[in-house]
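Worksheet for the structure shown next.
Bear in mind these aren't lab numbers, they're just calculated from the coordinates by the rules spelled out. Fair warning: this is a prediction, and the values are worked out from it, not measured in the lab. No Cβ is skipped: glycine too gets one built from the backbone with ideal geometry, and neighbour counts run over all protein chains shown.
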Amino acid sequence: MAYWRLFYHFVWTTKRRDPLLVPEIELRVHGVLRQEAKNLGARLAFVNGMPDHVHMLAAVPPTIALSDFVKQVKGASSRFVTVEFGSAFDWQDSYAVFSVSDQETPRVKAYIENQKQHHAQNTLVPEWERLAQDAETQF
């Protein structure tokens, strides 16, 4: 059996940034994301977001491509909302993913946990730009 600890911070938005993750479905979507991640052999450390996007911290096994992982969890959650609530629900095709070291995992988890407070002050686009800049300065 192989040993691995590969954590990733994923971010993606709803189609057209529509505020579809309303309170009555948000936690259920998070549950579907968690279950699908588990089905794929990943460990979902934390998921949270806003009505128009999701942040997810997950340990994804090296046996699955990150693009396949994202496709599967997004697809499962989109199908769930469409079937369960009878309305079309789509995610944007694109996503962002950042590798996270063991040392940074608690900080990223706290950041994801505090999304509601964070977005009271910031928007998603500057946030992605800052994360990308932070990643570049570390190389």
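Here are a few things to note about the model shown:
- In segment 46-78, the qualifying residues are those that are loosely packed, with under 13 Cβ neighbours inside 10 Å and over 13 Å from W12 (Cα atoms), and the one that is nearest to the chain's Cα centre (by Cα) is D68.
- Failed condition for R43, given (1) within 16 Å of E113 (Cα to Cα); (2) free of Cβ contacts under 8 Å to residues at least 24 places away in the same chain; (3) under 13 Å from the mean Cα position of the chain (by Cα): (1)
- Scanning segment 46-70 for residues that are touching a residue at least 60 places away in the same chain (Cβ under 8 Å) and among the small types (G, A, S) gives a single hit, G49.
- Residue that is farthest from S77 (Cα to Cα) [pool: residues in segment 6-31 that are buried (at least 20 other Cβ atoms within 10 Å of the Cβ) and without any contact (Cβ under 8 Å) to a residue 60 or more places away in the chain]: L21
- Failed criterion for A88 (all others in (1) out of contact with any strand residue (DSSP E or B) (no Cβ under 8 Å at 6 or more places or on another chain); (2) within 21 Å of H118 (Cβ to Cβ) hold): (2)
Let's see how each residue does on (1) charged (D, E, K, R); (2) out of contact with any strand residue (DSSP E or B) (no Cβ under 8 Å at 6 or more places or on another chain); (3) within 23 Å of D93 (Cβ to Cβ):
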| site | (1), (2), (3) |
| --- | --- |
| W4 | no, no, no |
| D52 | yes, no, yes |
| P61 | no, yes, no |
| V73 | no, no, yes |
| S78 | no, no, yes |
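- In segment 80-100, residue surrounded by the most Cβ atoms within 10 Å (Cβ to Cβ) [restricted to those that are part of a loop (DSSP other than H, G, I, E, B) and of a type outside the set (D, E)]: F89
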